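First the structure, in the form of structure tokens, and then the observations on it.
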Amino acid sequence: MQIARTIPELRSLLGDGRRSAFVPTMGNLHDGHLALVGRARTLGEVSVASIFVNRLQFLPHEDFDTYPRTWDSDCEKLRAAGCDVLFAPDEKALYPEPQTCKVHPDPLLADTLEGAFRPGFFTGVCTVVMKLFACVQPRFAVFGMKDYQQLMVVRHMVRQFALPIEVVGAPTERAADGLALSSRNGYLGPQERIQARELPDALRAVAQAVREGERDFGAIEARAAAALAARGWQPDYVAIRRRADLQPPAGGEPLVVLAAARLGSTRLIDNLEIDA
Ligand code: PAF
């Protein structure tokens, strides 16, 4: 695996016209990320991953400073996964001057759910993803469906700017008990880690209620949020939305249920597409 620390270094590694497939990450890699790299390897002639903890997508009270930075083990995992090129700029290399030019995604997609609880989050994500795309110039970009709204926001950005990139969504990797793999799972204490399966369990219960024909979505959402709260979670939202645009359902469209909730001081998100 070749490592580029600066944009010129990256350009010289990728300047030979090979079609690349790109996995952007913030490091602290787990099997979910490695599955994305595996998918990238099937798509491009060269697989590229990035590690960059992007200050722009953290609110002032969030965990930017404490976000786990695990460089050595990340490199080992990427090498073992067969990643060809790792782009790992520091802040000065990616943002040599304050990044005042930003990408503001469609508010309809980006100001709801995660965007409502983390204002400016998707502006930070889109700005760094656009910049990483400009650096890597991939033919394919692989994003996890675990961050369902992020995948949709990025897809929409790519379409609206006519970027010549195919955005590929990869299924969520889960632990044996159903918990979606996430870097933030590492914040959970042992007891919380056991309890954390209640979040995917809640999503499955919502999906089952919809599949069984219950149509008062507000009541289903409220029931799931109350059940989590009763077990000590602090839910931000449990929301049944249209897959196409993450708006509330009007009737008959493919649906997804998305949730975010805090267990102790750890905020987890997850989602489940609801089969008809
Ligand atoms: O999903 C993430 O890890 C981040 O939001 C991303 C896409 C790497 C942008 O910083």
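The values are calculated or read from the model by the stated rules, or taken from the named source; none is laboratory data. Just so it is clear, the model here is predicted, and its values are computed rather than measured. All Cβ positions, glycine included, derive from the backbone under ideal geometry; neighbour counts span all protein chains shown. Surface areas here come from the heavy atoms of the whole protein model, side chains and all, with no ligands, DNA or RNA. Shrake-Rupley method; radii C 1.70, N 1.55, O 1.52, S 1.80 Å.
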Exercise. Out of all the residues in the stretch 124-159, which are within 14 Å of the chain's Cα centre (by Cα) and among the β-branched types (Val, Ile, Thr)?
Worked result: Val125, Val128, Val129, Val142, Val153, Val154
For this session: Would you mind listing the helices (runs of 4 or more DSSP H) fully within the stretch 67-133 where at least 1 residues are in contact (Cβ under 8 Å) with a residue 60 or more places away in the chain and either β-branched (Val, Ile, Thr) or within 13 Å of the ligand (Cβ to nearest atom) (or both)?
Result: 91-94, 114-117
Exercise. Going by the conditions given, is Glu166 of a type in the set (Asp, Glu) and under 24 Å from Tyr67 (Cα atoms)?
Worked result: no
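Every residue, every condition in (1) touching a Pro at 6+ places or on another chain (Cβ under 6 Å); (2) open to solvent by less than 20 Å² (accessible area, probe 1.4 Å); (3) not hydrophobic (A, V, I, L, M, F, W, C), yes or no:
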| position | (1), (2), (3) |
| --- | --- |
| Phe117 | no, no, no |
| Gly120 | no, no, yes |
| Cys126 | yes, yes, no |
| Met130 | no, no, no |
| Cys135 | no, yes, no |
| Arg139 | no, no, yes |
| Phe143 | no, yes, no |
| Asp147 | no, no, yes |
Exercise. Is it the case that some residue within the stretch 146-163 is in contact (Cβ under 8 Å) with a residue 40 or more places away in the chain, within 19 Å of Leu56 (Cα to Cα) and in contact with a Lys or Arg (Cβ under 6 Å, 6 or more places away or on another chain)?
Worked result: no
Exercise. Within the group Phe52, Phe22, Phe58, which residue is open to solvent by 20 Å² or more (accessible area, probe 1.4 Å), under 16 Å from the mean Cα position of the chain (by Cα) and of a type in the set (A, V, I, L, M, F, W, C)?
Worked result: Phe58
Problem set entry | Answer residue from the stretch 77-103, given it is hydrophobic (A, V, I, L, M, F, W, C) and farther than 26 Å from His30 by Cβ and is least open to solvent (accessible area, probe 1.4 Å) among those | Val103
Exercise. Taking the stretch 104-115 only, how many residues are surrounded by 19 or more Cβ atoms within 10 Å (Cβ to Cβ) and more than 17 Å from Asp236 (Cα to Cα)?
Worked result: 2
Problem set entry | Selection from the stretch 8-62 of residues that are among the aliphatic types (A, V, I, L, M) and more than 16 Å from the ligand (Cβ to nearest atom) | Leu13, Leu14, Leu43, Val46
Problem set entry | Unmet criterion (only one of (1) in contact with a strand residue (DSSP E or B) (Cβ under 7 Å, 6 or more places away or on another chain); (2) basic (Lys, Arg); (3) more than 20 Å from Val129 (Cα to Cα)) for Arg39 | (3)
For this session: State which residue pairs qualify: first residue in contact (Cβ under 8 Å) with a residue 40 or more places away in the chain and farther than 19 Å from Gly38 by Cβ and inside the stretch 173-185, second residue among the hydroxyl-bearing types (Ser, Thr, Tyr) and open to solvent by less than 40 Å² (accessible area, probe 1.4 Å) in any location, beta carbons under 8 Å apart, and separation of 6 or more residues or different chains.
Result: Arg184/Thr266; Asn185/Thr266
